[in-house]
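Working notes for the structure below.
The values are calculated or read from the model by the stated rules, or taken from the named source; none is laboratory data. A quick note: this is a predicted structure, and the numbers were derived from the prediction, not measured. All Cβ positions, glycine included, derive from the backbone under ideal geometry; neighbour counts span all protein chains shown.
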Amino acid sequence: MLKYDLIRVDDRLIHGQILLKWMKVLKVKRAAVLSDELNMDPIMKAILAKTVPEKIQLDIWGVRTGIERMYEESGKALILLQDIHSLFQLFQNGIQLKHVSISRLPCEAGKEKIHEQMFVSKEERKELGVLLNHGVDIQIQMVPDSESIRLRDIL
């Protein structure tokens, strides 16, 4: 089974904070992006692949395929997800969630602000509640050296 250093939820997936901070602190050798949207966009996949240092293995899968591959693959990876529903799908499919970091979830119609740069729908709030009730440690943290806020304290 593919183990993980961290599961990170951020709609931007791979960006400066991931490349310059998280990957260095975690000493990442492999990153797995699980995103149906990105997986269906060959141009964006190619662009994203170019941003990651060559020494880091990058896998980009749709969410369902990513879950299957997590069971099939070995080693360790940084798991990157685009949204709360993808995180909940991992949970529903038996992936053990220990520590999850959430950074940014954008403002969209029907979403309410629960923290700076973090907006959730009623359905996402419900999914987060289920995860918290099952003991998943969910933290809001932009970069490794910034303050970490427990989601349980604000949701």
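Consider only pairs whose beta carbons are under 8 Å apart and that are at least six residues apart or on different chains; among these, list those whose first residue lies in region 32-55 and is under 19 Å from ASP11 (Cβ atoms) and free of Cβ contacts under 8 Å to residues at least 24 places away in the same chain and whose second residue is in a helix (DSSP H, G or I) and not hydrophobic (A, V, I, L, M, F, W, C).
LYS45/ASN39
If only one of ALA49, ALA32 is more than 25 Å from VAL120 (Cα to Cα) and either within 11 Å of the chain's Cα centre (by Cα) or among the aliphatic types (A, V, I, L, M) (or both), which one is it?
Values: ALA32 fails: more than 25 Å from VAL120 (Cα to Cα).
Of ALA49, ALA32, the one residue that is more than 25 Å from VAL120 (Cα to Cα) and either within 11 Å of the chain's Cα centre (by Cα) or among the aliphatic types (A, V, I, L, M) (or both) is ALA49.
Here's the yes/no breakdown for (1) at pLDDT 95 or above; (2) polar (S, T, N, Q):
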{"position": "ILE14", "(1), (2)": "no, no"}
{"position": "ILE18", "(1), (2)": "no, no"}
{"position": "MET23", "(1), (2)": "no, no"}
{"position": "ALA49", "(1), (2)": "no, no"}
{"position": "PRO53", "(1), (2)": "no, no"}
{"position": "GLY66", "(1), (2)": "yes, no"}
{"position": "ARG69", "(1), (2)": "yes, no"}
{"position": "SER74", "(1), (2)": "no, yes"}
{"position": "LEU87", "(1), (2)": "yes, no"}
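Could you list all residues from region 94-124 that are over 16 Å from the mean Cα position of the chain (by Cα) and surrounded by 14 or more Cβ atoms within 10 Å (Cβ to Cβ)?
Result: LYS111, ILE114, HIS115, SER121.
Tell me which of these VAL33 doesn't satisfy, since it passes every other one: (1) touching a helix residue (DSSP H, G or I) at 6+ places or on another chain (Cβ under 9 Å); (2) in a helix (DSSP H, G or I).
Going through (1) touching a helix residue (DSSP H, G or I) at 6+ places or on another chain (Cβ under 9 Å); (2) in a helix (DSSP H, G or I) one by one, VAL33 breaks only (2).
If a residue must be outside any strand (DSSP E or B) and either closer than 28 Å to VAL120 by Cα or aliphatic (A, V, I, L, M) (or both), how many such residues does region 70-97 contain?
17
When region 102-136 is examined, which residues are found to be at pLDDT 95 or above and polar (S, T, N, Q)?
SER121, ASN133
Taking the stated definitions as given, is ARG64 touching a residue at least 40 places away in the same chain (Cβ under 8 Å) and surrounded by 12 or more Cβ atoms within 10 Å (Cβ to Cβ)? Talk me through it step by step, then tell me what you get.
On the way: touching a residue at least 40 places away in the same chain (Cβ under 8 Å): no; surrounded by 12 or more Cβ atoms within 10 Å (Cβ to Cβ): yes.
So ARG64 fails the test.
Within region 109-116, identify whether any single residue is part of a loop (DSSP other than H, G, I, E, B), over 22 Å from ILE18 (Cβ atoms) and among the charged types (D, E, K, R), and answer yes or no.
Taking region 109-116 as the starting set, the residues that turn out to be part of a loop (DSSP other than H, G, I, E, B) are 109-111, 116.
The next check asks that each one be over 22 Å from ILE18 (Cβ atoms); those that pass are 109-111.
Filter once more, keeping what is among the charged types (D, E, K, R): 111.
Yes; the residues of region 109-116 include at least one that is part of a loop (DSSP other than H, G, I, E, B), over 22 Å from ILE18 (Cβ atoms) and among the charged types (D, E, K, R).
Restricting region 132-147 to residues that are closer than 17 Å to LEU80 by Cα and touching a strand residue (DSSP E or B) at 6+ places or on another chain (Cβ under 8 Å), which is surrounded by the fewest Cβ atoms within 10 Å (Cβ to Cβ)?
Here is the first cut: in region 132-147, the ones closer than 17 Å to LEU80 by Cα are 136-144.
From the residues that got through so far, the ones that are touching a strand residue (DSSP E or B) at 6+ places or on another chain (Cβ under 8 Å) too are 136-141.
Values: VAL136: 19, ASP137: 14, ILE138: 21, GLN139: 16, ILE140: 24, GLN141: 16.
Out of the qualifying residues, it is ASP137.
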